[in-house]
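Here the structure is laid out as C-alpha cells; the discussion comes afterwards.
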Amino acid sequence: MADAVTDDDLIRRAIHRQAASIVAAVAPFGIVFGASAANAGLTLLHAIGFSTLVFGGSSQFAAAEILGDGGSVVSAAVAGLLLNVRSLAFGVIMAPALTGALWQRAAMSQLMIDESTAVGAAQDEARWRRYGYLVAGVGVFVVWNLTTIAGHLAFSGAGDLITDLGLDAAGPAAFLALLWPRLGQASQRRVAIAGGLIAVALVPVAPPGIPILAAMFGVAASRLPSRGGAS
Amino acid sequence: MSDATLVLIVLALGTFTLKAAGPVVLGSRALPLRLQRVVDVLPAALLAALALVSTLSDGRSLSVDARVVGLVVAGFALWRRAPFVVAILLAAAATAITRAIA
C-alpha cells in the first residue's frame, strides 16, 4: 500500500490516545493506594516497593488492607497472589506478541496488568499489540509509582485527618470500583455475592485475612444455574 | 524482617511468576478451559469480599458505621456511571459528613 506510513502513524496515534486515557484513570487509584498504605502503617519505602515490584493495583490494596487489619503474612500474601492469578490469563493472551530473548520476555512480563493487556489485546497486528501493551504498561508504571508516592506523602502521619475526611472509605470504594465492571455479567455477579457473603460470615470467627481468602470458594457459584432458567 | 517486607517479597516473586508464565513458559498455548473459567471469575469473589469486609469489619467483629454510607454512595455513583475519582470523593465526603453529624 502506498500510504503505509500514514496508516502506521494513525495506528500509533490511536494507541497513544487509548494509553493516555487509561493512564489518566490510574492516577487517582495510585493516590488512594499511597494513602491506604500510609493508613495501614506501611512505610513510604514499602509502598514504593509494592508499586514497583508487585505492580498490580488490586493485589496491593488487598495486601495493605490485610496487613493494616493485623492479618498474618500468609493471608496477606496469598490474598494478593489470588488477585494476580488473572495475570496468568493475560500472559496467555499477550504471549504471541511478546517475543524475543528470554530476558526481554521476562522484562516485558513485569508490565502484565489489566490496562496494558487491554490496550495491547485491542490491536489487530502482533507488532501493534506489543506496542500498545508496552506504551500503556510503561505509562501506567510511571504514573502509578509517582501517585503512590504522592498519596503516601500527603497522608502519612495523618490518622485523624484520614477519618475526618472520610478517606478510610476510599479503600472500600476503590474495591467496589474495581469490581463494578464485572457485575454486568450474571456469573460474575453470583460469584461476587457468594464471595462477599462467605467473607462477611467469617469475620467474627476467623483471624483477619482468612475471610478474604475463603471468599475464593465463591467461584463455585459461577456454575449454579441462573434463576428462571435464563442463563 | 518486618511482616510488610516479607509480604512484599513473597507477593512480588509470586506475582512475577504468574505474569511471566505466559510469555516465558507457555508461549502460544492456551489454558485448559476449566482453569480459564476459574481465572475469569476469581477476582469478583475477592474484590466483593474486600469491599464488604473493609467496610463492615472492626478487627474481628462486624460493625456498621459511617463507612457503610460511603460504600452505598460509591455504589450509587458507579451505577450512575460516575468516573472512579468522583465515586471515591463522594464516598469520602458522605462518610465524613455522616461522622460529623453522628
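The values are calculated or read from the model by the stated rules, or taken from the named source; none is laboratory data. Because the structure is predicted, anything quoted here is derived from the model rather than measured. So basically every Cβ, Gly included, is an ideal-geometry build from the backbone, and we count neighbours across all protein chains shown.
Details
- Pairs, first farther than 12 Å from residue B:27 by Cβ and assigned by TED's automatic domain parsing to the domain that holds residue A:82 in segment A:98-114, second outside any loop (DSSP other than H, G, I, E, B) and of a type in the set (S, T, N, Q), C-beta under 7 Å, six or more apart: A:112/A:87
- Residue match in segment B:18-39 (condition: facing another protein chain (nearest Cβ under 8 Å) and of a type in the set (Ser, Thr, Tyr)): yes
- Test: residue A:132 is in a loop (DSSP other than H, G, I, E, B) and out of contact with any strand residue (DSSP E or B) (no Cβ under 9 Å at 6 or more places or on another chain): no
- Qualifying residue in segment A:80-96 (condition: crowded, with 17+ Cβ neighbours inside 10 Å, more than 8 Å from chain B (Cβ to nearest Cβ) and part of a helix (DSSP H, G or I)): no
- If only residues of segment A:112-134 that are buried (at least 22 other Cβ atoms within 10 Å of the Cβ) and of a type outside the set (D, E, K, R) are counted, the one that is nearest to the chain's Cα centre (by Cα) is A:113.
- Scanning segment A:50-68 for residues that are crowded, with 22+ Cβ neighbours inside 10 Å, facing another protein chain (nearest Cβ under 9 Å) and of a type outside the set (A, V, I, L, M) turns up A:50, A:55, A:56, A:58, A:59, A:60, A:61, A:65.
- In segment B:21-102, counting only helices (runs of 4 or more DSSP H) that sit wholly within it, the ones holding 2 or more residues that are of a type in the set (S, T, N, Q) and farther than 15 Å from residue A:85 by Cα span B:33-56, B:84-101.
- Filter result for residue A:70 (on the phi > 0 side of the Ramachandran plot, assigned to a loop (DSSP other than H, G, I, E, B) and in contact (Cβ under 8 Å) with a residue 60 or more places away in the chain): yes
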